[in-house]
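Only one structure is covered here, and it is reproduced in the block below.
Laboratory data are not the source of any read-out in this text; all were calculated from the coordinates shown. Here the structure is a predicted model, which is why all the values come from computation and not from measurement. A quick note on method: Cβ atoms are made from the backbone with ideal geometry, for glycine too, and the neighbour counts reach across all protein chains shown.
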């Protein structure tokens with residue numbers, strides 16, 4: 001498996017608009033994009049070659065809403081960009097690594113994504129993502 005970089009750090013927030021204001025107004029960073037991914041509203045704030053991904057549930061029973069209810073707002077996951085997500089998942093399966101996603105699904109920026117179970121990573125929810133070639 002070839003990991004290219006840390007693609008983004010996902011932060012669970014109750015209000016992505018309000019949260020993005022801290023990064024833009026207080027830190028002087030810029031908002032790169034804002035999009036819907038399923039039931040999630042996500043804002044991306046670039047910092048060097050990595051993004052801060054502000055994730056907000058748009059439903060009361062969404063994944064991020066449940067996360068916040070259990071753990072509060074804060075860092076939710078770390079995402080690594082991989083060269084070939086299918087090969088990465090096959091390699092991890094062969095090594096016995098527990099996965100939340102057995103096959104990739106569509107994520108933000110049209111990336112193919114999959115999550116590794118946190119019990120394999122000392123409690124850190126870990127995402128793998130492969131971006132389209134034109135990204």
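Based on other C-beta atoms within 10 Å, arrange 25, 86 from fewest to most. Intermediate values should be presented prior to the final figure.
Values: 25 9, 86 13.
Least to most surrounded, the residues fall as 25, 86.
Please give, to one decimal in nm, the separation of the simple spin-label points placed at residue 133 and residue 34, each 7 Å out from Cα toward the Cβ.
If labels sit at residue 133 and residue 34, their model points lie 3.3 nm apart.
How large is Rg over Rh for region 1-80, taking Rg from the Cα atoms and Rh as the Kirkwood inverse mean of 1/r across Cα pairs?
0.98
What FRET efficiency do you get for residue 47 and residue 121 if R0 is 22 Å and r is their Cβ-Cβ distance, rounded to the nearest 0.05?
Details: r = 22 Å, r/R0 = 1.01.
Once the sixth-power term is evaluated, E becomes 0.50.
Pull up the DSSP beta bridges for region 3-130 and report the antiparallel fraction as a percent, rounded to 5.
In region 3-130, DSSP labels about 75 percent of beta bridges as antiparallel.
For the chain, modelled as a Gaussian network with Cα springs under 10 Å, which listed residue fluctuates most, 87, 19, 111?
Greatest mean-square fluctuation among the candidates belongs to 87.
Please list, short to long, the whole-number percent of alpha-carbon pairs of region 57-135 in consecutive 10 angstrom bins beginning at zero.
P(r) over region 57-135, rounded to whole percents: 18, 45, 30, 7.
Which of 26, 1 has the fewest other C-beta atoms within 10 Å, and how do the rest follow up to the most? Provide the component values of the computation, followed by the final result.
Working: 26 8, 1 15.
Lowest to highest Cβ neighbour count: 26, 1.
What list of whole percents do you get for P(r) of the chain, with Cα-Cα distances grouped in 5 Å bins up to the one holding the largest distance?
Each 5 Å bin holds this share of Cα pairs: 2, 11, 19, 24, 20, 15, 8, 2, 0, 0.
Before anything else, pin down the relative contact order of the chain: Cα pairs under 8 Å, at least 6 apart, normalised by residue count, whole percent.
Values: 276 pairs, mean separation 34.9, N = 135.
Rounded, it is 26 percent for the chain.
On full extension of the chain, what length is gained from residue 90 through residue 59, given 0.36 nm per residue of separation minus the C-alpha to C-alpha distance?
Values: separation 31, 0.36 × 31 = 11.16 nm, distance 3.30 nm.
Fully extending the segment from residue 90 to residue 59 adds 7.9 nm.
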